[in-house]
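Structure first, then comments.
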Amino acid sequence: MTSRTPLTGWGRAPRSLPATRAEATDLDVVRREVAAAGRRGITARGLGRSYGDASLNAGGAVLDMTALTGTFDLREDGRLTVSAGHSLDTILRRIVPHGWWLPVVPGTRQVTVGGAIAADVHGKNHHVDGTFGAHVESLRLVVAGGDLVQVSPTVDPDLFWATVGGMGLTGVIVEATLTLHRVETSYFLVDTDRTTDVHGLLDLMDAHDDDHRYSVAWFDTATTGDRLGRAVLTAGDSAPLASLDSARVQDPLAFDAPRLGTVPFAPPFSFVNRWTARAFNELWYRKAPARRRGEVQDITAFFHPLDIVGDWNRVYGPGGFVQYQCVVPDRGSLVPIVEQIAESGHVSSLNVLKRFGEANASPLSFPTAGLTLAADFPVRRGLDRLLTDLDSLVTAAGGRLYLAKDSRTDPATLAAGYPRLDEFRSVRARVGATGVFTSDLARRLDL
Ligand SMILES: Cc1cc2nc3c(=O)[nH]c(=O)nc-3n(C[C@H](O)[C@H](O)[C@H](O)COP(=O)(O)OP(=O)(O)OC[C@H]3O[C@@H](n4cnc5c(N)ncnc54)[C@H](O)[C@@H]3O)c2cc1C
């Protein structure tokens, strides 16, 4: 089935011109659509949770992968082979009751396996477990012309690592084998600390990140001076059975992650402005305990509070929003970015700070050793100026931007952050992917 629809990423900006949209109901459809790709090429699209233009293809073909869910094979040793259209939500609902957990889970479960590999997503445990791609044993890919190939870190490793983090530009991932983690319960033991500024936060992260598998901080983008970047750090580990109370121990592997409602339509204006965002930040900071140890939290509370409400991106109104995410090598380069945001008058309330571990072998994977910062800004006058200034700080520090979040940077900024771009381009050329697999993002950034 094909239709012509204008699409957006999760940030609802920019809106792409219509693309021909086909549903990948099975492997044959994928092979046929790839073989038939025209002058404007083809883009695989998962659940559209990349914020910018990575899954858009104005005037070309977009292949909706969410119907490709035929394979789900969980083996006793914790290896899982799945079709690329499965969401991490459906996978977790099926594996957690058997005592398994996905090794890397991003801030929403509403992403597909294909999208998670293509963006090489990271979670709160990057400093311990690396990215999603590090746990992919092998994957099956439909390449230009429609052929099906299987690649892994040992079979055509260059194509494997160019596909991991390659934003769909080497081929269409149709299936992957993942290695899972064992868990005794579906709960987490969480420590919380509030810090009065970003320096206190970074001290705490330096001292204690390695004590826990998962660690992430929320920080305030509106406060300045001696309250600059005040923060709430949460760090935790999978909860052992012995830590559960008598109620939870009855069903220790319960997967309790409800969706309580949805934002039914986009209002004609953004609910998020500098006043509401400041009020939210104040509330978020004050409601956190100054120090708490060993609290048992469920999946929703610890990992995915945003998944409780469907289509929450609509609250930003018709203008949409931009998520800015960068990584810089050290605290000396991070603090000026926090200062610049705080002084700009552009306020974000969904703000994350986290330490990354080492990079992997992928030329385009985002995480590199250092500190990552993400903030959601409603689109309004002057925002592009702020973000261009932040780009300069990031580039000067030897940092980079995350393609899965980007909708506005330029080829020079990209190239400065990703020194192995030519390696990526040459793998693409070798497998005939250039011009066949493309996207609005690929065209904008000259990938
Ligand atoms: C609330 C929220 C929280 C998030 N938190 C995190 C986080 O903590 N860490 C993190 O790393 N990311 C995070 N993200 C970003 C998200 O994980 C990535 O953008 C992910 O790629 C989205 O997957 P998707 O299935 O929606 O793919 P889409 O957004 O539809 O596509 C993303 C890219 O993957 C490609 N692609 C999709 N399917 C395939 C396929 N089968 N074969 C080849 N290429 C394919 C597309 O072409 C595109 O380039 C978050 C996003 C949201 C909305």
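Only the coordinates and a few stated rules stand behind these numbers; no lab work does. Predicted model only: the values in this text are computed from it and were never measured. Virtual Cβ from ideal backbone geometry, glycine too; neighbours counted across all protein chains shown.
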Exercise for the section: Pick out, in residue order, every one of the trypsin sites (Lys or Arg not before Pro) in the range 37-102 that is DSSP loop and has at most 11 other C-beta atoms within 10 Å; say none if there are none. Expected result: Arg39, Arg75
Handout entry: Simple Cβ-charge dipole of the chain, Lys/Arg +1 and Asp/Glu -1, about Cα centre, in debye nearest 20
Key = 1340
Practice task
Could you give the size of the charge dipole of the range 188-408 about its Cα centre, using +1 on the Cβ of each K and R and -1 on the Cβ of each D and E, expressed in debye and rounded to the nearest 20?
Solution key: 700
Exercise for the section: Using packing as a proxy for protection, rank 107-119, 425-437 so that the peptide with the highest average count of other Cβ atoms within 10 Å comes first. Expected result: 107-119, 425-437
Problem - Average Cα contact separation per residue, the range 37-133, under 8 Å, 6 or more apart, as relative contact order % - result: 23
Problem - Computed [θ] at 222 nm, helices only, for the chain once each DSSP H run of length n ≥ 4 contributes -39500 (n - 2.57) - result: -7000 deg cm²/dmol
Exercise for the section: Would you tally the net charge around Gly48, using a Cβ to Cβ cut-off of less than 12 Å, leaving Gly48 out, and scoring K and R as +1, D and E as -1? Expected result: +1
Fill in the blank from the handout: In terms of the charge dipole of the range 100-156, which places +1 on Lys and Arg and -1 on Asp and Glu at the beta carbon, the residue among Pro106, Val142, Ala116 farthest towards the positive end is Pro106
Practice task
State the Cα centre-to-centre distance between the range 21-76 and the range 323-393 in whole Å.
Solution key: 30
Problem - Top positive-direction residue, dipole computed over the range 188-408 with Cβ charges, set Thr234, Leu202, Thr224 - result: Thr224
Completion exercise
When the charge dipole of the chain is computed with +1 on Lys and Arg Cβ and -1 on Asp and Glu Cβ about the Cα centre, the Cα farthest towards its positive end, among Ala35, Val155, Leu68, belongs to Ala35
Problem - Value of relative contact order over the range 188-408, rounded to a whole percent, pairs C-alpha under 8 Å and six or more apart - result: 25
Completion exercise
For the chain the mean separation of alpha carbon contacts under 8 Å (6+ apart) over residue count, i.e. relative contact order in percent, is 19
Fill in the blank from the handout: Counting every C-alpha pair in the range 188-408, the percent lying more than 24 Å apart is 48
